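All remarks here apply to the structure that follows.
The values are calculated or read from the model by the stated rules, or taken from the named source; none is laboratory data. Remember, predicted model here, so these are calculated numbers, not experimental data. Don't worry about glycine lacking a Cβ; one is built from the backbone with ideal geometry, like all the others, and counts go over all protein chains shown. Just the protein is used for accessible areas: all its heavy atoms, side chains included, with ligands, DNA and RNA removed. Shrake-Rupley method; radii C 1.70, N 1.55, O 1.52, S 1.80 Å.
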Amino acid sequence: MNLRRHKTTPQQVTVMLSITIIIGVYLVTTSVTKREDFNFLTTTAVPREERIKIIKWKRNQTLLSPWENSILTDSERIYFHETTGRDSVNLRQLCAVESAAKENPKRSIQLFFQTDYVNLTDTPNSPLGSIMKYYPNIVVILINASDYFANTPLEGWYLRGVWRRSPYRTEHFSDYIRILTLHKGGGMYMDLDFVTLKTLDPKIFQDFVPEEDKGVLTGSSFHFHRDHPIIRKMITYLASSYHPEEWTYSGPAMFQSIVLKYCRKKLPKPTHPALLCPDVKIMPRKYLYPYKFADWKEFFRNDVPRNGDKTLKSYAVHMYNKLSKNEPVLVGSNQIYSRIARIHCPLTYAHAVDSF
């Protein structure tokens, strides 16, 4: 065999050096990208600066960008309202937002504040900013309440201000604004005391009202697509009369009245989502309310065996914050609340010290 040593020309050296540099740059870039993806718990190639999404809602819809308009009129969105006027949420509320985002990565998770500013500082009590970096599907929306109600059928209710003197001022305002947001863009509403356990399949959780207790509908979660006719019925109901001394009038009582009249039927006894009429579903209790209102203390017991946990077949769990807010969720304990929070809102849970 004739072996000859080939002389390397200057042009070949240049080509080899160029290839080496290109490969080196590719390997470094790939390494950095993988580290960032790991750090943010996502494989979506979204620039870091775009991961925190905040929209300042404007009265004039034409001033919103096409992206903002698409977000605010997305019937598959899941939305929450902070209705006390604070610029942050506590850990239990943040758990509601994180768990919805974690279990529904393909859906927009929207958190409304009635402020011009939202606190995104990474503090132990409100790590919202750091949570948003890990979940690019979370969007914060800042609104001015008077602008938000303006030029809608509920503007008169808001401006008359009778609700401000109600013993249930916060609850009633929350009842009204959640329906107003539904009127503006559709979607799935959830109270800030839910923990989401599974993907909320839009094919299942569509155009529904849930049953909280036997024969009792509720408004702590629901979904209707934009321009659904039942939304107009609800808006008309809320605009036409108001009972400031009745806690449930604009909440569960409204849902019960509107839905049954709209469908002209009595409630079924569903074990799975049942159509009350062609375009309204009744969601069975076990999907969102495995424990009754009166059984809220079960979430905080340390001696509930795993096979006795009623949340195992649920998609989300309502925690009845009005009653349970002063009961501590003990970090590392065997409480149902602690167990599901550890799994479904892990970043929020990691910020808690002993309890939250």
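Annotations
- Segment 130-167, residues that are touching a Ser or Thr at 6+ places or on another chain (Cβ under 9 Å), under 18 Å from Ser241 (Cα atoms) and not in a helix (DSSP H, G or I): Pro153
- Number of positions in segment 139-157 that are buried (at least 19 other Cβ atoms within 10 Å of the Cβ) and either over 15 Å from Leu72 (Cβ atoms) or not aliphatic (A, V, I, L, M) (or both): 3
- Count of segment 96-114 residues, restricted to those that are open to solvent by 10 Å² or more (accessible area, probe 1.4 Å) and assigned to a loop (DSSP other than H, G, I, E, B), is 5.
- Of the helices (runs of 4 or more DSSP H) lying entirely inside segment 241-356, those containing at least 1 residues that are open to solvent by less than 10 Å² (accessible area, probe 1.4 Å) and of a type in the set (Ser, Thr, Tyr) are 321-324, 336-344, 346-351.
- The single condition among (1) modelled with pLDDT under 95; (2) surrounded by 18 or more Cβ atoms within 10 Å (Cβ to Cβ) that Thr83 does not meet is (1).
Rundown of residues vs (1) in contact (Cβ under 8 Å) with a residue 40 or more places away in the chain; (2) touching a Ser or Thr at 6+ places or on another chain (Cβ under 7 Å), yes/no style:
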position	(1), (2)
Leu72	yes, no
Arg86	no, no
Cys95	yes, yes
Glu98	yes, yes
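- Positions within segment 66-95 being part of a helix (DSSP H, G or I) and either more than 13 Å from the chain's Cα centre (by Cα) or basic (Lys, Arg) (or both), in sequence order: Pro66, Trp67, Glu68, Asn69, Ser70, Ile71, Leu72, Leu91, Arg92
- Here Glu76 passes the criteria (1) open to solvent by 20 Å² or more (accessible area, probe 1.4 Å); (2) within 13 Å of Val195 (Cβ to Cβ) except the one numbered (2).
- The number of residues in segment 261-297 that are touching a strand residue (DSSP E or B) at 6+ places or on another chain (Cβ under 8 Å) and either without any contact (Cβ under 8 Å) to a residue 12 or more places away in the chain or at negative phi (or both) comes to 23.
- Extreme residue, modelled with the lowest pLDDT, among residues of segment 267-292 that are among the hydrophobic types (A, V, I, L, M, F, W, C) and over 21 Å from Ser99 (Cβ atoms): Leu267
- In segment 197-225, of all residues being at pLDDT 95 or above and open to solvent by 30 Å² or more (accessible area, probe 1.4 Å), the one that is nearest to Tyr315 (Cα to Cα) corresponds to Lys198.
- Selection within segment 159-188 - open to solvent by 20 Å² or more (accessible area, probe 1.4 Å) and either polar (S, T, N, Q) or farther than 25 Å from Val209 by Cα (or both): Leu159, Arg160, Val162, Arg164, Arg165, Pro167, Thr170
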